[in-house]
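Taking it in order: structure first as structure tokens, then the write-up.
The values are calculated or read from the model by the stated rules, or taken from the named source; none is laboratory data. A quick note: this is a predicted structure, and the numbers were derived from the prediction, not measured. FYI the Cβ positions are ideal-geometry reconstructions off the backbone, even for glycines, and counts take in every protein chain you see. The protein model used for the area step is the full one, side chains on, heavy atoms only, and it has no ligands, DNA or RNA in it. Shrake-Rupley method; radii C 1.70, N 1.55, O 1.52, S 1.80 Å.
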Amino acid sequence: MTAPSDSAHTLHPELVRQAARTCATGVAVLTTRLRDELFAKTVSSFVTLSMDPPLISVAVTRHSPLVRAVGDSGRLAVSVLRVGQEYLSQRFATPGAGRATGAFAGVATRTEATGAPVLEDCLSWFDCRLHSVLPGGDHSILVGRPVAAAGSEGEPLLYRAGGYHALAALTATSPPRPDRAPTAPGVRT
């Protein structure tokens, strides 16, 4: 038995994009330092990949200068944003705004173990050595091995359907689950 050819089952990218817009994702900023130059980019594809060994992954457009900078420096940091940090997401999503010499103007950062910048006051952060770079279609998948990490209390900044959201706002507007009968406020089921 042979597998069907990929060309017979190719889905139009716009259909995938429409379906993906319904998914809520966390918002993070990927950073690295290559000599005196800093690089940063807003990402929504960050995930913890493995606990043994600890690995994280993030996908970045393969032609981004950040991919080469991470490859050349061997280090990356991911700062997970909290509600109220939309301005950081917007800044580093703007083409050209994620590259600076010495420091990012108006953005407080610090370094941990690798020297990659970590954004101050973020919800959590992962300072990593580059483990591998994998192909992922029009993206490169950067896999990092954390050498330092921390998290704090707070609410994550989410992105869904072309806009920023808070977790509480998404939960409050979620339709009732069809497998559960509605309950009165404050009643646990």
**Item:** Which listed residue, of 150, 77, is modelled with pLDDT of 95 or more, open to solvent by 40 Å² or more (accessible area, probe 1.4 Å), within 17 Å of the chain's Cα centre (by Cα) and under 23 Å from residue 49 (Cβ atoms)
**Value:** 150
**Criterion: basic (Lys, Arg) and free of Cβ contacts under 8 Å to residues at least 24 places away in the same chain - qualifying residue of 62, 17, 75** = 17
**Prompt:** Does the stretch 113-123 include one or more residues that are surrounded by fewer than 14 Cβ atoms within 10 Å (Cβ to Cβ) and at negative phi?
**Reply:** yes
**Prompt:** What tally of residues in the stretch 162-176 results from selecting those that are surrounded by 11 or more Cβ atoms within 10 Å (Cβ to Cβ) and at pLDDT 85 or above?
**Reply:** 3
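Please verify whether residue 114 is in a loop (DSSP other than H, G, I, E, B) and more than 27 Å from residue 165 (Cα to Cα), treating the condition exactly as stated. Explain how you work it out, then say what you get.
Working: in a loop (DSSP other than H, G, I, E, B): yes; more than 27 Å from residue 165 (Cα to Cα): yes.
So residue 114 passes the test.
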